[in-house]
Amino acid sequence: MTETAETALATTQHRIDRTSPPVIRAQGVWKVFGPHPERLVGSDDALLPRGELREKTSCVVAVRDVSIEVWPGEVFVVMGLSGSGKSTLVRTLIRLIEPTAGQIEISGQDVMKASRADLRALRRHSVSMVFQHFGLLAHRRVIDNVAFGLEVQGVGKAERHARAHEVLSLVGLEDAANQFPDQLSGGMQQRVGVARAFAVDPDVMLYDEPFSALDPLIRRDMQDEICRLQEETGKTMIFITHDLLEALRLGDRIAIMRDGAIVQLGTPEEIVGAPADGYVADFVRDIPRSHVLTLRWVMREPAPGEDTDGPRLDVATTVRKAVPVLAASEKPVCAVENGRVVGLVDRDTVLEAIAGEGGDDR
C-alpha cells in the first residue's frame, strides 16, 4: 500500500449526539422496480438472484428491507459496488425515488406522509445534496451559484449574497466569487457545489459519490475539506462511495451494501477487524489493520494485581502509532480513557490483531 493510501486511512472522530433522537430514521425500506412491485416486499421471490428474479417477475429489487438510524453530527457512509443499491437507498430517504415500502423520518418529519409541498420544503431547507456532477449554472457567477438555493427559498439578494460570501470563505473560495464556473478547476467547481449545499444551512448533507470524477490528488484534498467542514460545522452527513479507503477515512459508521441489502453496518474498526462475511472480508483484506484498529480493539483486561505502570496512550490511538512505544518498553502499554487505565496492550495482542495484514490470511 502506498504512503498516500496509508495516510488516507487516518480517520476523524466527530462529535456525535446520541442523547437526541436520530436525525434520520429509516425502517424496512424497499424499492422494487417493475410491475406490481408491492407483491415482492417481504416475499420469498425477493430473495432470488437478480437475474432469476427479473426473468420470473420482470422486477429488480434495488433496496431490500433496509433499516438505518443516523445521529446528529454523524458521518454515515453507505458503500458498495455499482448496482448495490447505495444511491437508490439515499434517494429514497427524501423521495427523489419513491420507496415501495418502509418508514422514513427526517428531523422528526414523517417523509412517507409528506405532501408535495412538504417534500419541496424538506429539500429546500432540511436536506442538501452534493452530486458527482456539479450541476453548476454556467451562465451565473460563482456567488450566484452558491446563493441559488436561498434564491429559490425567496431570500433577498443582499441577504443571500452575504450568506454566499460567508460560505465561500468557509470553503476557501472567497476570491472566486465573481468568476464563472468554466474558469475554475474541477476541484474548485466541486467546492462551489459543496458551498451551495451548505448555504441553506441544512440539517443533513447527502453526498452522492461527489469526488468520483476528480483525479486522486484533488479527491484527497476534497476529503480533507469535508473532514474540516464537518469538524467546524458539526453537520450530519450521509456519504455514498464505492471507495473503501474513502469510507474508512470519512465515516463514523459504514453500511456495506450488496444486492440492495446491508450486509454489515459498523464502525471502521468493526468492518476491518471483524468482517461479517466473505464479501466484506474481500473488501478489507488489503487494508492494513494497524492503520485502522485502535487500542480499544486490541486491548485486554489487566490480570488481578498486574502492573499498570507502563507507558500510557489514549484508547483511540491506532495500533500503528502505538507500535514504536510498545517496542521501546518492557511493559505493556496502558490504554487510557478519561484519565483511567481501561486495558493493556502487549506485543502478543498486537501481533494477533494484525496477523495477515496486507494480504489474504484466510
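We did not get these values from a lab; they are worked out from the coordinates using the rules stated. Computed from a prediction, not measured in an experiment: that's the story for all the values here. Don't worry about glycine lacking a Cβ; one is built from the backbone with ideal geometry, like all the others, and counts go over all protein chains shown.
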query = Taking 0.36 nm per residue of separation and subtracting the Cα-Cα distance, what length does fully extending Glu232 through Asp348 add?
reply = 37.8 nm
key: Computed magnitude of the charge dipole of the range 238-348 (debye, nearest 20; Cβ of K, R +1, Cβ of D, E -1)   = 200
request  = Holding the Cα-Cα limit at 32 Å, pick out from Lys31/Lys321; Lys56/Lys86; Lys235/Lys321 the pairs that are longer than that.
outcome  = Lys31/Lys321
Hydrodynamic radius (Kirkwood) for the chain, which is based on Cα pairs only, to one decimal in Å = 22.4
query = Rg(Cα) of the range 169-313 divided by 2.2 N^0.38 Å?
reply = 1.33
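What are the DSSP H helices in the chain that stretch 15 Å or more along their long axis, judged by alpha-carbon atoms, and whose average Kyte-Doolittle hydropathy comes to at least 0.5?
Working: long enough: 157-170 (19 Å, -0.71); 186-199 (20 Å, 0.09); 216-233 (25 Å, -1.07).
Length and hydropathy pass: none found.
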task = Give the whole-number value, in cubic angstrom per residue, of the convex hull volume spanned by the C-alpha atoms of the range 111-204.
result = 100
remark   = Plugging the Cβ-Cβ distance of Asp175 and Ala328 into 1/(1 + (r/R0)^6) at R0 = 51 Å yields, to the nearest 0.05, a FRET efficiency of 0.60
task = Over the alpha-carbon set of the range 156-249, work out the extent along each principal axis and list the three values in angstrom, largest first.
result = 42, 31, 18
message = In Å and on Cα atoms, what radius of gyration and Dmax does the range 25-99 show?
response = 13.1, 44
ask   = At 222 nm, what helix-only mean residue ellipticity would the chain give, in deg cm²/dmol to the nearest 500, using -39500 (n - 2.57) for each DSSP H run of four or more?
value = -9500 deg cm²/dmol
note = Simple SL model, points at 7 angstrom along Cα→Cβ for Ala138 and Arg120; separation in nm is 2.8
ask   = How big is the gap, in Å, between the Cα center of the range 220-278 and the Cα center of the range 140-165?
value = 31
task = Could you give the C-alpha radius of gyration of the range 4-149 expressed as a fraction of 2.2 N^0.38 Å, taking N as the number of residues it contains?
result = 1.25
task = Determine the equivalent ellipsoid of the range 266-308 by diagonalising the alpha-carbon gyration tensor, then write out the semi-axes as square roots of 5 times the eigenvalues, largest first, rounded to whole Å.
result = 28, 10, 8
inquiry  = So if I place +1 on the C-beta of Lys and Arg and -1 on the C-beta of Asp and Glu, and nothing else carries charge, what would the dipole magnitude of the range 283-359 be about its Cα centre? I want it in debye, nearest 20.
reply    = 280
